[in-house]
Amino acid sequence: MAPLKLFGRGALVALGLTVVQAIAAGVLLRPTPEPGASTLTLALAANLLAALVYVHLAERSPARGGPLVAFLLAVAFGIPAIYLVEAVFFDIGMPSRELPMMYLFSLAVGVVGAVLAAGATGKLSARAPEPQRPVPFHAGRFALSALSYVFFYFAAGMMAWPFLKFFYEGRAMPAVAQVALLQVFRGAALSLIVWLIARNEPGGRGRAAFSAGLTLSVIGGVAPLMVPDNPYLPDAVRHVHLVEVGVSNFLFGALAVWLIRQVQPTGGT
């Protein structure tokens, strides 16, 4: 897709995301102070980044109609849902009653993002799709991918810890074994999303690796952590997590494709 067309479609989807976020936040989330101009600008930039990823995935996918929307929803809602689980285990000050509302908020935004991205690329119609690339589900490779997420999580966390220690020290933290078990679950869930991205990428394995890395980095880290005035993470902590998760998720997503999507017998990669 031409860059200008991609940007235009992404901007339309971003506008829709911003509107539904404002409505859903007013209905589901606790009231917050009126955001300043810089907060609104960064929120729009974050939505534009996310929208560009959705449009890119929609344009590349051979799916159409319901299957395409379902794939995009797995990305737009599935990735945030996987990361919200951590709020149950880590003490960041989020009231337990607020977590279900955050899930409903993410679901509403995800549905709108998926439908708008499919519509922006002209693929909401249900006419016959092109065949998807076969990506066999190999249990051993899938397990290796899930475990690789655990490695990236702890490696990135150890590098970021000196900059986060001031915030997390003294808070109630789960045992390392519990954290590791949670990351295995998250690694498996994210690997499933990577598998979907690999199935919906008609190009080579390198293209799929880039798409998966970019998707997990932007949707799982960069976009949500760009927005200031986070009620649970001070800016100093948010900035560190943005770099930590953005980089580690990109590396994991790219590696996961190379583990999950084997070279095809025809010679494609």
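Structure data summary
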quantity: Some residue of segment 22-40 being closer than 12 Å to residue 120 by Cβ, among the β-branched types (Val, Ile, Thr) and touching a residue at least 40 places away in the same chain (Cβ under 8 Å); calculated: no
quantity: Helices (runs of 4 or more DSSP H) completely within segment 172-269 that count 2 or more residues being within 24 Å of residue 70 (Cβ to Cβ) and of a type in the set (Gly, Ala, Ser); calculated: 176-199, 205-217, 235-260
quantity: Matching option when the condition is surrounded by fewer than 21 Cβ atoms within 10 Å (Cβ to Cβ) and at pLDDT 95 or above, among 29, 68, 42, 73; calculated: 73
quantity: Residue list for segment 90-111, filter: over 18 Å from the mean Cα position of the chain (by Cα), surrounded by 15 or more Cβ atoms within 10 Å (Cβ to Cβ) and in a helix (DSSP H, G or I); calculated: 98, 101
quantity: Some residue of segment 229-239 being among the aromatic types (Phe, Trp, Tyr) and either crowded, with 18+ Cβ neighbours inside 10 Å or over 21 Å from residue 102 (Cα atoms) (or both); calculated: no
quantity: Among residues of segment 1-31, those that are touching a helix residue (DSSP H, G or I) at 6+ places or on another chain (Cβ under 8 Å) and part of a loop (DSSP other than H, G, I, E, B), counted; calculated: 3
quantity: Residues of segment 115-153 satisfying the condition of being at pLDDT 95 or above, more than 19 Å from the chain's Cα centre (by Cα) and more than 23 Å from residue 204 (Cα to Cα); calculated: 119, 120
quantity: Selection count where residues are assigned to a helix (DSSP H, G or I) and either over 14 Å from residue 116 (Cα atoms) or in contact with a His (Cβ under 8 Å, 6 or more places away or on another chain) (or both), scope segment 50-66; calculated: 1
quantity: In segment 217-253, the residues that are closer than 17 Å to residue 51 by Cα and in contact with a His (Cβ under 8 Å, 6 or more places away or on another chain); calculated: 221, 225
quantity: Residues satisfying the stated conditions in segment 51-69, i.e. among the hydrophobic types (A, V, I, L, M, F, W, C), within 16 Å of the chain's Cα centre (by Cα) and within 20 Å of residue 253 (Cβ to Cβ); calculated: 51, 52, 53, 55, 57, 58
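The values are calculated or read from the model by the stated rules, or taken from the named source; none is laboratory data. For clarity, every value in this text was computed on a predicted model and none was experimentally measured. Counting neighbours? That spans all protein chains shown, and the Cβs are built from the backbone with ideal geometry, glycine included.
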